[in-house]
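Participant: Following this message is one structure expressed as structure tokens.
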Amino acid sequence: MPFSRTPLLDGENANEKRSEILRYFVTTFDCYERLFETLNSEAAYYLKPIRLRHPLIFYFGHTATFFTNKLLLAGLFAERINPRLESIFAVGVDEMSWDDLDEMHYDWPSVEEVKAYRNELRQRVTALIETLPLTLPISWGHPWWPLLMGIEHERIHLETSSVLIRQHALEFVRPHENWIPWTETGPAPDNTLVNIPAGRIILNKSRSTGCHYGWDNEYGHHETDLPAFKASRFLVSNQEFLPFVEAGGYQTASWWEDEGQAWLGYTGNTHPPFWIKDGQNWCLRLMLQETTMPWDWPVEVNYHEARAWCNWKQAQTGASVRLPTEDEWYRLYDFAGLGELPADTRSNANIGLDYAASPCPVNRFAHGDLHDVAGNVWQWTETPIYPFEGFEVHPLYDDFTTPTFDGRHNLFKGGSWISCGNEALHSARYAFRRHFFQHAGFRYVTGAAQTEIHTSNYETDRLLSEYAEFHYGDEFFGVANFPKTLAQIAINAMGQRPALTALDLGCAAGRATFELARHFQSVTGVDFSARFIGLGTQMAEHGLLRYTLTDEGELVSYHERTLAALKLDHVKDKVSFSQGDACNLKPLWKDFDLVLAANLIDRLYDPEKFLAGIHARIKPGGLLMITSPYTWLSEHTPRAAWVGGYKQDGENRTTLDGLKVILERRFRLIQPPLDIPFVIRETRRKFQHTLSEVTLWERRHD
């Protein structure tokens, strides 16, 4: 039997589907743990394979804590397993500016502690799968969706962690019976071009009727007509790439785009990073060993190397050699007549762990006139990832794709030998920064380049645009800018207190973070949403936001806001933004002189936990500023967890009453509450007008 496939979401028998999903969870969890059995010492978990990633102990714990965090958010878990681990392992897997890769901030747990955590999580998820009511089909909003989300997420990290293990020094890894590479090799075939006729690409994956689990970027509608082009029969082999290396391709700047040149300058590479020069001979680093160079295997490179090779090849041949677009890969898939992986037999492709733990010869798996349209290694494309028409984020995972819609993450297609589950589907869309390494290579095409303009300099997501305007835009009906007003109230309240550091918790688009930096030496903005963090980060890095606002119907207006115009450009080096959970903050966020929690508490899943523990983040004598319209909704906060807004023993219990009961153990209220209005623009003629109550609390000296 092949390694288990991502399950169909429909069926006639719910009990059989329950058993299938349980098997899918168990086989995935087991496989991930077997991968980490290839590490031969404790040190292997704690030394970084590369500087731009956490050590492997993070990834060992991350996939399990992801389950807990998402199932808690979905209301399927009632409590945490280990808040400390679930904070440490929550985020930090990509090279985003808000990812915290500073090892000084982490007291990593022991391997045994993480194993114990994984065992506890396994038991809880198993019990949930065995008991949670199940009706079919399972769709985007179904209670079982977060379970599948956790399993598919672990399968993604099965691949990304295997790359990090491959980048580790050999002294830290050992052979393993479940991870044996191919041994077949021979002369590399001569690559030739195959004519691909013109055709139409239609993609229309539905959130309500999809037959497999999908990530947010896969859904929506996309179609285009492609002219005829030519594609290489095989992936580019190590042999085909060698002349570029021998010709000094890595030392010739003209073959490299500006970004690629910068990467070369940073690394000093003179050949693909998995190649090893042994005297006059070449070897290849596999995941767990080095081997004599298999010249007929696909070369594994990042986007910059693939693009540079194409530029060099074009100069050698005079043909318009380039990487394919995403649409052209879909055309290759259709041309080859491929379908999804068979459920019960091995596929005709080196994919899904069906064969061995490495690439294989480029002529091993034929797909019509082409080879390896899917499988062996991922194939880089020229297409930066972008949203299809109808794109929506999933409310449980709003930062799966949206942070990558930045023009700096290119799609690759087709999957590799270890791509499993969703990764092996036709609809899979994964993108990485162009200098990253995965098990990825490329094929090339010739023909007129398809014009692809999928990205815009203007933010078009409606919620983000509304918050960009709320924070940085115009004032309406004489109501002053809300984040700026709050920051000024906080600064005034500080008086002669020390003003070294402040925390803007629930910072959203970040305006108050910048405003507080007028007074404080350092301000950290933290929000649960990576989408909001992206707005603040963009302002800090570029001093500029562009976005569209709905005027009426389909009519929009375009807006540009700058830090300079707001007279905030001088404070941008004093702010930083991070993603975080207010109910489970990272240990490093402490000793603040001020914590601002603006319009936050009535959106938390456990506000009392936040309120009862926030004193530990504030210096004695420091201030806590809470603002909220007290709009308690069960969709955000379980009714039993509301701080106020209900009858208690026949009497009204307001949120202010609840705040006093919880906070007065550690704080004193230093001034009467204030009502501060704010206005959010929805359309040119529709606005939200709200009052937020502001309370200021001084932490008592213990």
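Participant: Per the 1.4 Å probe, what fraction of the accessible area of region 644-691, in percent, lies on carbon and sulfur atoms?
Facilitator: Within region 644-691, the accessible surface is 45 percent carbon and sulfur.
Participant: Contour minus end-to-end for R207 and Q671, with contour as 0.36 nm per residue of separation and end-to-end as the Cα-Cα distance?
Facilitator: Between R207 and Q671, full extension yields an extra 162.0 nm.
Participant: State, as an integer percentage, the relative contact order of the chain based on alpha-carbon contacts under 8 Å between residues 6 or more apart.
Facilitator: 12 percent
Participant: I'd like to compare 554-564, 418-428: which one has the highest average count of other Cβ atoms within 10 Å, and what's the full order after that?
Facilitator: Packing proxy ranking, top to bottom: 418-428, 554-564.
Participant: Next question. Set the Förster distance to 60 Å, then compute FRET efficiency between A116 and H570 from the Cβ-Cβ distance, nearest 0.05.
Facilitator: Approximately 0.75, to the nearest 0.05.
Participant: Note down the magnitude of the dipole of the chain about its Cα centre, charges +1 on Lys and Arg C-beta and -1 on Asp and Glu C-beta and zero elsewhere, to the nearest 20 debye.
Facilitator: 1140 debye
Participant: Then there's this: First select every other residue whose beta carbon is under 12 angstrom from the beta carbon of H142; then total the charges, Lys and Arg +1, Asp and Glu -1.
Facilitator: After counting each charged neighbour, the total is +1.
Participant: Something else now. For the modelled label position 7 Å from the Cα of A319 along Cα-to-Cβ, which residues of region 208-238 have backbone nitrogen atoms closer than 11 Å?
Facilitator: Under cut-off, by backbone N: 230-234.
Participant: Counting other Cβ atoms within 10 Å, keep those with at most 16, restrict to DSSP loop, and tell me which GluC sites (Glu not before Pro) in region 305-366 are left.
Facilitator: Those that pass, being in a loop and sparsely packed, are E340.
Participant: Based on the Cβ-Cβ distance of E560 and Q521, what FRET efficiency does E = 1/(1 + (r/R0)^6) give at R0 = 22 Å, to the nearest 0.05?
Facilitator: Efficiency computed from Cβ-Cβ geometry: 0.15.
Participant: Please compute the length gained on full extension between T131 and T267, using 0.36 nm multiplied by the number of residues separating them and subtracting their Cα-Cα distance.
Facilitator: 43.8 nm
Participant: Let me ask another. Over the chain, give the accessible area per residue in Å² for a 1.4 Å probe, as an integer.
Facilitator: Result: 40 Å² of accessible area for each residue.
Participant: By how many nm would the segment from S41 to L500 lengthen if fully extended, with 0.36 nm per residue of separation less the alpha-carbon distance?
Facilitator: Result for the pair: 161.0 nm of gain on full extension.
Participant: Could you work out how far apart the two model spin labels at A78 and D10 are, taking each label as a point 7 Å from the Cα in the direction of the beta carbon, and quote it in nm?
Facilitator: Reported label-point gap for A78 and D10 is 3.6 nm.
Participant: I'd like the Karplus ³J(HN,Hα) series for region 311-328: coefficients 6.51, -1.76, 1.60, θ = phi - 60°, whole numbers in Hz, and an x wherever there's a Gly or Pro.
Facilitator: Result, ordered by residue: 4, 5, 4, 4, 5, 6, 9, x, 8, 7, 6, 7, 7, x, 7, 4, 4, 5 Hz.
Participant: How many nm separate the modelled label positions at R653 and R408, each set 7 Å beyond the Cα in the direction of the Cβ?
Facilitator: Here the answer is 4.7 nm between the modelled labels.
Participant: What dipole magnitude, in Debye to the nearest 20, does region 500-565 give about its Cα centre under +1 on Lys/Arg Cβ and -1 on Asp/Glu Cβ?
Facilitator: So the magnitude is around 260 debye.
Participant: So, by mean Cβ neighbours within 10 angstrom, what's the order for 295-302, 119-126, 486-493 with the highest one leading?
Facilitator: 295-302, 486-493, 119-126
The values are calculated or read from the model by the stated rules, or taken from the named source; none is laboratory data. Model, not experiment: these values are computed from the prediction. Every residue, glycine as well, gets a Cβ built from its backbone with ideal geometry; the counts of neighbours run over all protein chains shown. Please note that ligands, DNA and RNA were not included when accessible areas were found on the heavy atoms of the full protein model with its side chains. Shrake-Rupley method; radii C 1.70, N 1.55, O 1.52, S 1.80 Å.
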